[in-house]
Amino acid sequence: MIRTAATILRKDLRIELRVRESVPAMTLFTVTVYVLFHFGLDRDSLDGELASGVLWVTLLLASVIGVSRLYAAEREQGGVDGLLLAPIDRTALFLAKAGALLLFLVAVEIVAVPAFGLLLLGPGLGGALPELVVILALGNVGVAAVGALVGALAAETRARELTAPLLLLPLLVPLLISCAQATEPLLRPDQGPEDLGRWLGLLTLYDVVFVLLSVAVFDYLLED
Amino acid sequence: MYSKGLKPLAIATVLTTAGALALVFFYAPLDADQGFVQKIFYVHVPMAIVALGGFVAGGIMAIKHLRSGDPSWDLRSYVAIHQSIILGVGVLITGSIWARASWGHWWVWDEPVLVSFLVVFLLYCVYYPLRFSIEDPDRQARYSSVFAITAGAFVPLNFVAVRLAEAYTHPRVLSQTGGSLPGEMRLTFLVSLLAMGLLFVTLWKLELTSKHASAQLRRLKRRLADRRPAAVA
């Protein structure tokens, strides 16, 4: 199953490398949203709660773009039929899609987080980086699991571009709470982690619940 | 098949609801702090508990549907979620009124239960566009079930998260179990909860019966329409 998943994942990454569709769009979107926040809030630099909220809301909104394009190739070119005809475990497709989304998010964050530090953040990013990387990694796992499930769920509906964000964003509220709360003390002028364990614990719980849940129900989305 | 026991259930619902109303207005003492407006508690809290229970029950029925492949479980799950959403509107309105009366604002962001309920409500509102934009009935049932299970598991997780986010800023006056309620209030509350639960089950059965009946009617009409041209010929 891992090998099958890796094959599908490689296929998705190759498509992304050749077409360059999701990741550039998501990255551009994050920078645009920073500019919007600069004018919307009329602030040159942010710190603390405001900074962590802006960062996380921007990243989650960018993930919506990735999720709504995640199954585009399968849907538009009839790739689903090919995958269904192949004698493979359906879970492999979920793992591959979640993995692809995870890598897309990492690629976006490599640009988006430094860009945030450069454009909007008052205090420097340097001191907060190790903790921030852990929070981002755990957050990405959650977004990838929920995104791969919701993308498949919305792919068969008529107004899929509308359904995906409406499903995804409320489901991500607990993730947003824990990520934003864990990041907030790191972005204060007097930096330092605070309550990190509690929020990372909640984040891990969220990740475990949604990975297991998605693996359990994903099969039923492809049963035809 | 769904109508079994509907009549006694309906009678029990009417009696319990009447009893609950009588207890609320004539038996339960006035709240020393909030006065008469606190009575909305006996509608608001049972409604919220029953709505959340309905969401979770919808998820469990959806599991049964996916396990057995029997579409009637999907219908049960749909009706349960549909009614919970309707109750959810009531919960948000009564909660808002209560918040206005006792805290002076229509909406209070530092009340974790209210906020988590809003998030859950927003998520479940997507159930309709999801369900009714899938035409194939078999796939509609399966996708709706997957949604119902995911959202059902999300309900408790969301409550934990929102509660944690507010835990140290807003002390709870009433604990969720009613442990700090005086005896008369607790009795009234429990009877109100029972009434609301019975109302939910009765309406659920009624809706299922009516859906079942109209499906049967459609089937009969179709058979009649099939037979008529043959008779003419």
With the structure loaded, tell me whether B:TRP98 is among the aromatic types (Phe, Trp, Tyr) and either in contact with a strand residue (DSSP E or B) (Cβ under 6 Å, 6 or more places away or on another chain) or without any contact (Cβ under 8 Å) to a residue 24 or more places away in the chain (or both) or whether it fails that test. no
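For every residue, the table says whether it meets (1) assigned to a helix (DSSP H, G or I); (2) over 20 Å from A:ARG158 (Cβ atoms); (3) facing chain A (nearest Cβ under 9 Å).
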{"position": "B:TRP73", "(1), (2), (3)": "yes, yes, no"}
{"position": "B:VAL91", "(1), (2), (3)": "yes, yes, no"}
{"position": "B:TRP98", "(1), (2), (3)": "yes, yes, no"}
{"position": "B:TRP106", "(1), (2), (3)": "no, yes, no"}
{"position": "B:SER116", "(1), (2), (3)": "yes, yes, yes"}
{"position": "B:VAL119", "(1), (2), (3)": "yes, yes, yes"}
{"position": "B:ARG139", "(1), (2), (3)": "yes, no, yes"}
{"position": "B:ARG142", "(1), (2), (3)": "yes, no, yes"}
{"position": "B:ILE149", "(1), (2), (3)": "yes, yes, yes"}
Failed item, numbered, when B:ALA153 is tested on (1) modelled with pLDDT of 90 or more; (2) outside any helix (DSSP H, G or I): (2)
So B:SER77, is it buried (at least 19 other Cβ atoms within 10 Å of the Cβ), within 12 Å of the chain's Cα centre (by Cα) and touching a residue at least 60 places away in the same chain (Cβ under 8 Å): yes
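Looking only at segment B:126-139, decide whether some residue is among the small types (Gly, Ala, Ser), surrounded by fewer than 23 Cβ atoms within 10 Å (Cβ to Cβ) and under 17 Å from A:PRO165 (Cα atoms). Outline the logic, then answer.
From segment B:126-139, those among the small types (Gly, Ala, Ser) are B:133; that's our starting set.
Filter once more, so that each one left must be surrounded by fewer than 23 Cβ atoms within 10 Å (Cβ to Cβ): B:133.
Within this subset, residues satisfying the condition of being under 17 Å from A:PRO165 (Cα atoms) are B:133.
Taking every residue of segment B:126-139 in turn, at least one turns out to be among the small types (Gly, Ala, Ser), surrounded by fewer than 23 Cβ atoms within 10 Å (Cβ to Cβ) and under 17 Å from A:PRO165 (Cα atoms).
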Looking at the structure I just gave you, is B:ARG163 farther than 15 Å from B:SER84 by Cβ and facing another protein chain (nearest Cβ under 8 Å)? no
Given the criteria in a helix (DSSP H, G or I) and closer than 27 Å to B:HIS212 by Cα, does B:LEU52 qualify? yes
Taking segment B:93-125, which residues are of a type in the set (Val, Ile, Thr), over 15 Å from the mean Cα position of the chain (by Cα) and under 15 Å from B:VAL45 (Cα atoms)? B:ILE97, B:VAL113, B:VAL115
Looking only at segment A:39-56, count every residue that is part of a helix (DSSP H, G or I) and surrounded by fewer than 16 Cβ atoms within 10 Å (Cβ to Cβ) and tell me the total. 4
Any idea which of B:ILE85, B:ILE134 is closer than 25 Å to B:ALA213 by Cα, out of contact with any strand residue (DSSP E or B) (no Cβ under 7 Å at 6 or more places or on another chain), within 14 Å of chain A (Cβ to nearest Cβ) and at pLDDT below 90? B:ILE134
In segment A:204-224, residue surrounded by the most Cβ atoms within 10 Å (Cβ to Cβ) [restricted to those that are in a helix (DSSP H, G or I) and at the interface with chain B (Cβ under 7 Å from one of its Cβ atoms)]: A:TYR206
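The values are calculated or read from the model by the stated rules, or taken from the named source; none is laboratory data. Just so you know, these numbers come straight off a predicted model, no measurement behind them. Here Cβ is always computed from backbone atoms with ideal geometry, including for glycine, and neighbour counts include all displayed protein chains.
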